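What follows draws every value from the coordinates through simple rules; no lab data is involved. Values in this document were obtained by computation on a predicted structure and should not be read as measured data. Here the Cβ positions follow ideal geometry from the backbone for every residue, glycine too, while neighbour counts run over all protein chains shown.
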Amino acid sequence: MPSYAEIMDLAGFKSRNAAFKLVKKMVSQNIISQDKTGRIIPGRSFHGIPILGIVEAGFPSPAEEELIDTISIDEFLINNKEATYMLKVTGDSMIEAGIMPDDIVLVERGKDAKNGDVVIAQIDNQWTMKYFRKKGNKIFLEPANKKYKPIYPNEDLNIAAVVIAVIRKY
Amino acid sequence: MQNQPLTLYSFPRAIIHIDGDAFFASCEQSRNPKLQGKPVVTGKERGIAASMSYEAKAMGVTRGMRISDIKKVCPDAILLPSDYETYSLLSKRFYSIVRRFTPDVEEYGIDECFADVTGLRRPLRMSYEKIAQAIKKTLDEELGFTFSAGLGPNKVIAKIGSKWKKPSGFTSIPGRSIHLYIENLPVEKVWGIGPQTTAFLNKQGIRTGLELARKNEEWIRKNLTKPFYEIWQELNGKFVYDLQTQEKHDYQTIQKVKTFTPSSNERRFVFSQLSKNIENACIKARRHKLAAKGIIIFLRTQDFRDFGIEVRFSHATHFPNEIVKTMEPAFDRVFNGSFLYRSTGAVLLKLEEYKTIQPDLFGAALKIEDMEKLYENVDMVNRKFGKHTVFLGSSFWANKFSQHLGERGDIPKRKQNLLKGETTRKRLGIPMFMGEVA
């Protein structure tokens with residue numbers, strides 16, 4: 001912005017006071033304004049666009065509250081943490097249920113087996129994984145593989161756990 | 001007199017003590033049906049029985065029995081290396097399940113805890129007996145093996161209850177029935193009464209818990225020290241011992257002992273074993289922000305003789321570099337090349353809260369500052385990649401070989417069954433069922 005001397009020069013004023021009066025007029029119209037030392041600086045309407053405030057670019061960072069409603073993969077797969085175990089599948093008796101050898105299954109102990117659940121039962125000192133079937137009072141274990149026959153337990157059937165998820169890592 | 005109750009109150013406080021039945025052996029049996037109903041003994045890597053199943057107990061196997069003796073009394077015994085990772089996972093679950101019922105739980109040992117359920121009858125809508133039974137039932141079902149529980153007006157009595165019927169027992173001892181349970185209980189079976197006190201009490205004609213409980217207060221105060229006065233009060237139904245429900249950070253000492261096979265008389269190897277123990281003890285000290293002002297190192301010979309020595313430090317520390325260097329001359333005073341050694345141990349003493357050291361005139365503080373930075377990073381690396389990824393040069397020979405060569409070097413089953421993405425150093429923190437799945 002011009003100094004008072006430059007204004008005198010530009011406008012052909014003889015006196016500094018005239019320049020001073022012009023500046024005062026323009027300040028009152030908000031065209032220009034003055035800093036602390038009295039020097040001229042552009043006024044609010046100088047550019048013709050009023051500045052309303054400052055807006056930062058970019059998206060706001062995700063707020064903590066927005067993430068409260070998400071769960072981890074652990075929470076997604078596991079319901080009762082203290083009762084959940086895993087087991088590596090060795091046989092193919094549940095292959096038609098999509099459970100392949102070398103899959104990891106998550107199982108829950110102490111859960112009541114319902115008709116149609118895949119369960120881990122203990123038969124002759126061995127684990128076995130089958131569908132739990134209940135027809136009336138009869139309980140039996142059904143494989144998901146035509147190669148094997150259903151198992152009708154003679155004595156009490158020991159259901160160790162119920163399968164709650166299958167994990168396969170590629 | 002003999003039939004008179006010791007107190008008229010049943011449960012001014014309701015304390016439950018819960019104890020896992022043959023905990024380590026049960027962890028093994030519950031995950032592998034092939035082991036069920038068989039005599040199972042853990043502790044193979046140490047060469048002694050750490051835990052034995054009830055089938056093995058029935059054959060006469062006792063805790064601490066050497067493998068050679070186990071094979072004599074129980075030729076069919078299945079000896080397993082300890083899988084502390086799995087036992088610890090199940091132990092944490094054990095505490096968590098008890099905490100579903102009450103927040104006041106003291107983790108007393110890997111296989112036992114105390115729970116204070118006072119005042120919970122109304123919110124849980126159950127009697128104290130029913131609460132204890134519900135906890136036991138949940139543990140049995142979700143962990144897959146049995147627990148024994150005792151209910152009493154205090155810890156001493158609750159502990160008598162959990163021992164009363166084992167395995168899978170539950171015994172409730174209300175205050176007014178205490179006398180019935182301790183009438184024939186040898187005094188050395190009372191929690192906290194050791195062989196010395198037992199010998200003294202026996203000389204005074206006190207042989208049972210009830211005989212001790214019936215002594216008058218004046219006699220107890222005159223003849224016994226404070227801890228036994230407290231036990232006497234609890235036997236009489238008072239509540240004295242509070243539960244330590246906070247996680248322990250104020251250890252008095254930290255001890256690390258490791259056996260190795262075969263035994264060795266090679267100085268650098270035995271020294272290296274000790275160095276590794278010191279590193280382990282320091283890891284624990286740093287985790288709890290503690291520093292030691294001294295250490296006891298000890299060496300155990302093949303024929304179970306111990307040789308130890310204590311070393312004091314000029315300042316409290318938890319950096320193994322400093323400790324190993326300071327204790328080396330002491331090691332050489334204890335070590336004798338004509339013996340074969342089977343284990344080494346280190347006990348950090350006089351633990352205090354670790355504070356950043358004040359700067360001093362001789363610049364030692366600067367060195368310590370560097371050490372702090374170094375170990376911050378060592379701990380970070382080891383957290384990410386597993387313990388002992390970075391270790392001291394002095395521990396080299398202990399890390400070069402597995403701890404046990406030969407049969408005792410068997411690795412726990414879980415570590416042989418790694419899943420895709422697991423390493424020998426880091427595994428999924430979920431207990432695994434073992435054995436074939438037909």
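Taking only Cα atoms, what is the 0 to 90° angle, nearest 10, from helix A:16-28's long axis to the longest principal axis of chain A? In chain A, helix A:16-28 runs at an angle near 40 degrees to the longest axis. Nearest 10 degrees is fine. How inclined is helix B:155-164 to the longest principal axis of chain B, computing both from alpha carbons? Approximately 80 degrees, to the nearest 10. Shielding of peptide B:427-436 by partners, expressed as the average count of other chain Cβ atoms within 10 Å per residue Cβ, is 5. For the segment B:141-149, counting C-beta atoms of other chains within 10 Å of every residue's C-beta and taking the mean gives 3. Within the same chain, aspartates and glutamates fewer than 8 places from residue B:367 are excluded, and of the rest, those with a Cα less than 16 Å from its Cα are B:322, B:376. Pull out a ≥ b ≥ c, the square roots of the eigenvalues of the alpha-carbon gyration tensor of the stretch B:52-191, then state rounded if a/c is under 1.5, prolate if not and a/b is larger than b/c, and oblate in the remaining case. Cα axes put the stretch B:52-191 in the oblate bin. When the convex hull of the Cα atoms of the stretch B:223-359 is projected onto a plane and the area is averaged over all directions, what value comes out in nm²? So the Cα hull casts an average projection of 12.2 nm².
In this structure the amide hydrogen of residue A:33, modeled in the peptide plane, comes within under 5 Å of the amide hydrogens of A:41, A:43, none closer than 5 places in sequence on its chain.
Each listed q (0.09 Å⁻¹) maps to a log10 I(q)/I(0) for chain B from the Debye sum over equal C-alpha point scatterers, namely -0.73.
The angle between the Cα long axis of helix B:267-287 and the longest principal axis of the Cα atoms of chain B comes to about 60 degrees, rounded to the nearest 10.
Across all Cα pairs in chain A, the calculated P(r) in 5 Å bins from zero up to the longest distance comes to 1, 7, 11, 11, 9, 5, 4, 3, 3, 3, 2, 2, 2, 3, 3, 4, 5, 5, 5, 5, 3, 2, 1, 0, 0 percent per bin. When shorter helices are ignored and each DSSP H run of at least 4 residues is given -39500 (n - 2.57), the per-residue value for chain B at 222 nm works out to -11500 deg cm²/dmol. List the aspartates and glutamates whose Cα sits under 19 Å from the Cα of residue A:138, skipping any in the same chain fewer than 8 residues away. Cα-Cα hits under 19 Å: A:112, A:117, A:155, A:156.
The trypsin sites (Lys or Arg not before Pro) of the stretch B:1-98 that meet both conditions, a loop assignment by DSSP and at most 14 other Cβ atoms within 10 Å of the site Cβ, are B:63. Counting neighbouring beta carbons within 10 Å and listing from fewest to most, the residues B:9, A:148 come out as B:9, A:148.
Packing here is the average count of other Cβ atoms within 10 Å per residue, and on that basis the peptides A:33-42, B:204-213, highest first, run B:204-213, A:33-42. In terms of other Cβ atoms within 10 Å, B:311, B:41, A:119, B:98 run from fewest to most in the order B:311, A:119, B:98, B:41. Proximity of backbone amide H atoms, modeled 1.01 Å from N, is registered between residue B:185 and B:209, B:210 at under 5 Å, excluding neighbours fewer than 5 places apart on the same chain. In a reduced charge model with +1 at each Lys and Arg Cβ and -1 at each Asp and Glu Cβ, the stretch A:73-167 shows a dipole moment near 460 debye about its Cα centre. Would you work out if the stretch B:1-82 is rounded, prolate or oblate? Take a ≥ b ≥ c from the square roots of the eigenvalues of the alpha-carbon gyration tensor; rounded if a/c is under 1.5, else prolate when a/b is larger than b/c, oblate otherwise. Because a/c hits 1.5 or more and a/b exceeds b/c, the stretch B:1-82 counts as prolate. Note on B:397, A:127, B:219, B:191: ascending count of other Cβ atoms within 10 Å places them as B:219, B:191, B:397, A:127, the fewest first. For the protein assembly as shown, taking the reciprocal of the average inverse distance between every pair of different Cα atoms yields a Kirkwood hydrodynamic radius of 30.1 Å.
Over 18 Å between C-alpha atoms is what I'm after, so list which of A:111/B:137; B:136/B:165; B:355/B:384; A:88/A:130 land there. Violating the 18 Å limit, Cα to Cα: B:355/B:384. Each principal axis of the Cα cloud of the stretch A:73-167 was evaluated for its coordinate range; sorted largest first, these ranges are 38, 26, 24 Å. Please figure out what share of the DSSP beta bridges in chain B is antiparallel and state it in percent, rounded to the nearest 5. Percent antiparallel among DSSP bridges in chain B is about 85. The alpha carbon radius of gyration of the stretch B:181-278, expressed as a multiple of 2.2 N^0.38 Å, is 1.66. Charged neighbours of residue B:373, selected by a Cβ distance under 14 Å, balance to -3 (K, R count +1; D, E count -1).
What is the antiparallel percent of DSSP beta bridges lying wholly in the protein assembly as shown, to the nearest 5?
On the way: 74 of 83 bridges.
Counting only bridges with both partners in the protein assembly as shown, antiparallel ones make up about 90 percent.
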